[in-house]
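J.: Sending over a structure as structure tokens; questions will come in a sec.
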Amino acid sequence: MRVPFEKLRFEFERILLSLDFNADKAAQCATIFAENSRDGVYTHGLNRFPAFVQFVKDGLIKVEAQPAKESALGALEQWNGNLGPGMLNAQICMSRAIELAKENGIGCIALKNTNHWMRGGTYGWQAADAGLIGICFTNTIANLPPWGGIDPRLGNNPLVIAVPRKGGHVVLDMAISQYSVGKLRQYQSNNEQLPLPGGYDAAGNLSTDATTILESKRLLPIGFWKGSGLSLVLDLLASVLSGGRSTAAITQEEKETGVSQIFICIKPQDDAYAEHIVEEIISYTKTSRPEKEGDSISYPGENTLRAREKSLKEGVLVDERIWEQVLEL
């Protein structure tokens with residue numbers, strides 16, 4: 001079913017106010033959750049909201065906490081999230097990275113002791129809306145086996161790279177597994193097969209069955225061993241630069257909290273050249289013949305804009321079961 005965007009946002013805000021969020025924080029969090037679903041990222045919008053509420057009730061997310069700067073070295077700063085709401089900490093840190101980039105050409109905020117940021121692309125769009133290149137990533141609880149291994153020892157550490165563009169920003173927002181855990185659960189809930197293999201069954205065979213993959217806990221990293229290596233170095237960078245916890249330490253807890261994140265902003269030196277070269281690259285990419293007749297080549301972020309336009313026009317697509325669950329919260 002489809003629900004008007006404002007109705008979705010209103011229900012989120014109503015529930016957050018009942019959980020002792022102040023008016024500003026409730027409005028900000030509700031807007032982020034609603035916008036995530038609006039843009040087609042249902043796994044980190046409506047679908048994730050009940051889990052967020054439970055984390056608040058369990059005391060893992062500190063409603064009143066604010067992030068604080070702990071140290072600074074030029075364009076690099078270390079912040080402590082104090083276990084506050086992850087999406088608010090992320091917005092504040094990306095805003096600070098934007099300020100530093102406008103002053104210095106580049107800005108980097110390394111954040112420790114924070115919570116799940118929901119859709120990482122939110123902060124890529126934030127940077128691009130400010131006219132800056134944005135790069136951000138986070139570590140997570142261990143939920144991805146290293147290449148050649150069976151047991152999860154790596155985080156499915158999302159990576160976001162955003163480049164501003166007048167005709168629609170280019171925003172790459174990707175998990176390190178072929179399908180994120182949230183996406184696997186979405187396919188499982190809908191009783192649908194994955195279009196491509198997303199992990200292994202208990203016998204070690206590649207599978208398109210989401211339930212089988214979630215049970216084996218053997219998700220397939222993008223690029224096989226390359227994705228495994230990328231996950232490892234993202235965890236290294238996030239932990240070293242922030243002085244925060246690594247995937248190994250985070251996994252000692254039963255639930256994912258106290259993660260480490262990086263927010264980088266870069267200001268292009270020549271806006272005119274940047275605009276020209278971005279159009280050149282996108283235009284050239286789109287000249288590739290599509291595999292299937294009638295299809296078209298899309299750049300990262302283009303489908304997000306299509307989903308956003310359709311959601312605002314027709315209503316946001318929601319899972320009826322989860323929507324009913326939220327209405328009862």
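J.: Got a number for residues in the range 1-31 being in contact with a Ser or Thr (Cβ under 9 Å, 6 or more places away or on another chain) and surrounded by 24 or more Cβ atoms within 10 Å (Cβ to Cβ)?
T.: The number of residues fulfilling the criteria is 2.
J.: I've got another one for you. Search the range 34-53 for residues that are touching a residue at least 12 places away in the same chain (Cβ under 8 Å) and in a helix (DSSP H, G or I) and pair each with any residue that is open to solvent by 20 Å² or more (accessible area, probe 1.4 Å) and of a type in the set (Ser, Thr, Tyr) when their beta-carbon atoms are under 7 Å apart and the residues are at least 6 apart or on different chains.
T.: Note: pairs meeting the criteria are Thr43/Ser180.
J.: Let me ask something additional. Which of the residues spanning the range 302-318 are touching a Phe, Trp or Tyr at 6+ places or on another chain (Cβ under 7 Å) and open to solvent by 90 Å² or more (accessible area, probe 1.4 Å)?
T.: If the condition is that a residue be touching a Phe, Trp or Tyr at 6+ places or on another chain (Cβ under 7 Å) and open to solvent by 90 Å² or more (accessible area, probe 1.4 Å), then Leu312 is the only one that fits.
Rundown of residues vs (1) within 21 Å of Asp151 (Cβ to Cβ); (2) of a type outside the set (Phe, Trp, Tyr); (3) free of Cβ contacts under 8 Å to residues at least 24 places away in the same chain, yes/no style:
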position	(1), (2), (3)
Gln178	yes, yes, no
Lys183	no, yes, no
Ser189	no, yes, no
Pro195	no, yes, yes
Tyr200	yes, no, yes
Ala203	yes, yes, yes
Thr208	no, yes, yes
Thr212	yes, yes, yes
Gly223	yes, yes, yes
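J.: Which fully enclosed strands (runs of 3 or more DSSP E) of the range 59-131 have 1 or more residues being within 25 Å of Asn22 (Cβ to Cβ), free of Cβ contacts under 8 Å to residues at least 60 places away in the same chain and of a type in the set (S, T, N, Q)?
T.: On the way: elements: 68-73, 76-80, 106-114.
Because the criterion is at least 1 residues that are within 25 Å of Asn22 (Cβ to Cβ), free of Cβ contacts under 8 Å to residues at least 60 places away in the same chain and of a type in the set (S, T, N, Q), the strands (runs of 3 or more DSSP E) in the range 59-131 that meet it are 76-80.
J.: Could you tell me which numbered condition Ser216 fails, if it satisfies all but one of (1) at pLDDT 95 or above; (2) under 17 Å from Gly149 (Cβ atoms)?
T.: Exception for Ser216: condition (1).
This table checks each residue for (1) closer than 27 Å to Tyr200 by Cα; (2) surrounded by fewer than 24 Cβ atoms within 10 Å (Cβ to Cβ); (3) at pLDDT below 95.
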| site | (1), (2), (3) |
| --- | --- |
| Lys112 | no, yes, no |
| Tyr123 | no, no, no |
| Ala128 | no, yes, no |
| Ile133 | no, yes, no |
| Cys136 | no, no, no |
| Asn139 | yes, no, no |
| Gly148 | yes, yes, yes |
| Leu159 | yes, yes, no |
| Arg165 | no, yes, no |
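J.: Need the failing condition index for Ala97 against (1) buried (at least 23 other Cβ atoms within 10 Å of the Cβ); (2) under 13 Å from the mean Cα position of the chain (by Cα); (3) over 14 Å from Pro164 (Cβ atoms), just the number.
T.: The one condition Ala97 does not meet is (2).
J.: Going by what's in this entry, would Ala26 be described as in contact with a Lys or Arg (Cβ under 9 Å, 6 or more places away or on another chain) and either on the phi > 0 side of the Ramachandran plot or modelled with pLDDT of 95 or more (or both)?
T.: yes
J.: For the range 276-301, give me each residue that is among the aliphatic types (A, V, I, L, M) and either surrounded by fewer than 10 Cβ atoms within 10 Å (Cβ to Cβ) or assigned to a helix (DSSP H, G or I) (or both).
T.: Ile277, Val278, Ile281, Ile282 - these are the residues of the range 276-301 that are among the aliphatic types (A, V, I, L, M) and either surrounded by fewer than 10 Cβ atoms within 10 Å (Cβ to Cβ) or assigned to a helix (DSSP H, G or I) (or both).
The values are calculated or read from the model by the stated rules, or taken from the named source; none is laboratory data. Everything numeric in this text was worked out from a predicted model, so none of it was measured. Note that we place each Cβ from the backbone using ideal geometry, even for glycine, and neighbour counts take in every protein chain shown. Please note that ligands, DNA and RNA were not included when accessible areas were found on the heavy atoms of the full protein model with its side chains. Shrake-Rupley method; radii C 1.70, N 1.55, O 1.52, S 1.80 Å.
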